[in-house]
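Single-structure report; data block below.
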Amino acid sequence: MTAIPGAAIAVTGAASGIGRALAIELAARGADLALADRDEAGLQTVAAEIAKATDKTSPPKVSLHRVDVGQPEQIATFAREAITAHASLNILINNAGVALLGQFHEIDQAQMEWLFNINFWGAVHATRAFLPQLASRPAAHIVNISSIFGIVAPPGQTAYSSAKFAIRGFSESLRHELQMASSPVRLSVVHPGGIKTNIVRNSRAGSGVTDNERRVQSIERFDAIAQTSPKDAALRIIRGIEKNQPRILIGGDARFMDLLQRFRPATYWNVMAKRIARMEKQGK
């Protein structure tokens, strides 16, 4: 197992959502942290929460790093600074991510590349930057946050699902390479279902999306079907790290969709659309 107490952990997207919850829960379990996000004020808030909640006699070491994971040079700087601040760093959690509202014909190429630079290339660049350090530790772990939309692909999610499927493929192939090399580095890929975060509220709209009503509808739909809190998601990820689980599904909705896709790999959306409509109706 990869132990959390005494670990030193880098977390991207740590200022909010699952990243924030992970930072708080990992610190409570005795881990030192290198927290990265574009939102410097949010990072300061998380650090203050950790300081308030943890043992004053032996507080965790927390370093804060302003990082846009869509910029490879910023990731490289983050890795150097995080390893300098935490010489025993042995866990990397690639959590940062964004969403994009619109169907394929409503999203221009620059917007799709923007999302890929964060959701996919950000994780790849961070993995490359941190892997030599992780491989030097007796026990180490990489956690890549994909999505249930890295297993199923609903309409309106061409950019997001493409990136999350790519994260899944990258993670599984790299895990097999690490196993073949007898590396001390373990790798888990995480597929959350609906988590109660602000990712949809903060999403960008495709250049071809001309009405605000659809954004409102998307937020309402997400709020109706998101069943899992960020804290519960963080706790599930931590258990997965400790047990070296290669795939971590979060939420009953994720488990259902994973099974549905296995039984109906080409026609699962027909069932999902009806189920989502019922959940939306119940949520109103």
(request) Kindly count the pairs of lysines across the chain whose alpha carbons are less than 30 Å apart, treating pairs on different chains or eight or more residues apart as eligible. (result) 25
(request) Mind checking the per residue accessible area of the chain for me, 1.4 Å probe, whole number of Å²? (result) 47
(message) At 222 nm, what value in deg cm²/dmol follows for the chain if DSSP H runs of at least 4 each add -39500 (n - 2.57) and the sum is divided by all its residues, to the nearest 500?
(response) -16500 deg cm²/dmol
(message) Using only the alpha-carbon atoms, how far is helix 121-135 inclined from the longest principal axis of the chain? Give it as 0 to 90 degrees, nearest 10.
(response) 30
(request) Note the per residue figure in Å³ for the convex hull of the C-alpha positions in segment 161-240. (result) 107
(request) First select every other residue whose beta carbon is under 11 angstrom from the beta carbon of residue 215; then total the charges, Lys and Arg +1, Asp and Glu -1. (result) +1
(request) Pull out the extension gain between residue 227 and residue 270, defined as 0.36 nm times the separation in residues minus the alpha carbon to alpha carbon distance; nm, one decimal. (result) 13.3 nm
(request) Sort 231-241, 8-18 for me by packing, meaning the mean count of neighbouring Cβ atoms within 10 Å per residue, highest on top. (result) 8-18, 231-241
(request) Heavy atoms only, probe 1.4 angstrom, no DNA, RNA or ligands counted: give me 263, 149 ranked by accessible area, highest first. (result) 263, 149
(request) Take the chain, compute every pairwise Cα distance, and split them into 5 Å bins from 0; I just need the percent in each bin. (result) 1, 6, 12, 17, 19, 18, 12, 8, 5, 2, 0, 0
(request) Rank-order 93-99, 163-169, 151-157 by packing density, defined as the average count of other C-beta atoms within 10 Å over each peptide's residues, highest first. (result) 93-99, 163-169, 151-157
(request) Give the angle, between 0 and 90 degrees and rounded to the nearest 10, that separates the Cα long axis of helix 230-242 from the longest principal axis of the Cα atoms of the chain. (result) 50
(message) For segment 164-184 and segment 1-22, what is the centre-to-centre distance using only Cα atoms, to the nearest Å?
(response) 20
(message) Could you work out how much longer the chain between residue 58 and residue 196 gets when fully extended? Use 0.36 nm per residue separation minus the Cα distance between them, nm to one decimal.
(response) 46.5 nm
(message) To test your reading of the geometry: what angle, between 0 and 90 degrees and rounded to tens, separates the Cα axis of helix 213-225 from the longest principal axis of the chain?
(response) 60
(message) I'd like the carbon and sulfur percentage of the solvent accessible area for segment 218-266, probe radius 1.4 Å, heavy atoms only, ligands and nucleic acids excluded.
(response) 53
(message) With a 1.4 Å probe and all protein chains kept in place, how do 121, 114 rank by accessible area, largest first?
(response) 121, 114
(request) Report relative contact order for segment 1-120 in percent, whole number only (criteria: Cα-Cα under 8 Å, sequence separation at least 6). (result) 30
(request) Quote the convex hull volume per residue of segment 89-158, based on C-alpha atoms, as a whole number of Å³. (result) 80
(message) For segment 1-126, compute Rg over Rh where Rg is the Cα radius of gyration and Rh is the Kirkwood radius from the inverse mean 1/r over Cα pairs.
(response) 1.03
(message) Please list log₁₀ I(q)/I(0) at q = 0.17, 0.18 Å⁻¹ for segment 194-272, using the Debye equation with identical point scatterers on the alpha-carbon positions.
(response) -0.89, -0.95
(request) With all distinct Cα pairs included, what does the Kirkwood hydrodynamic radius of segment 110-225 come out to in Å, to one decimal, could you say? (result) 15.8
(message) Given the options 263, 252, 241, identify the residue whose Cα lies farthest towards the positive end of the charge dipole of segment 195-284 (+1 on Cβ of Lys, Arg; -1 on Cβ of Asp, Glu).
(response) 263
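The values are calculated or read from the model by the stated rules, or taken from the named source; none is laboratory data. What you see is a predicted model, and the numbers here were worked out from it, not measured in a lab. Positions of Cβ are generated from backbone atoms using ideal geometry, with glycine treated the same way; all protein chains shown enter the neighbour counts. These area figures cover heavy atoms from the full protein model, side chains too; ligands, DNA and RNA do not enter into them. Shrake-Rupley method; radii C 1.70, N 1.55, O 1.52, S 1.80 Å.
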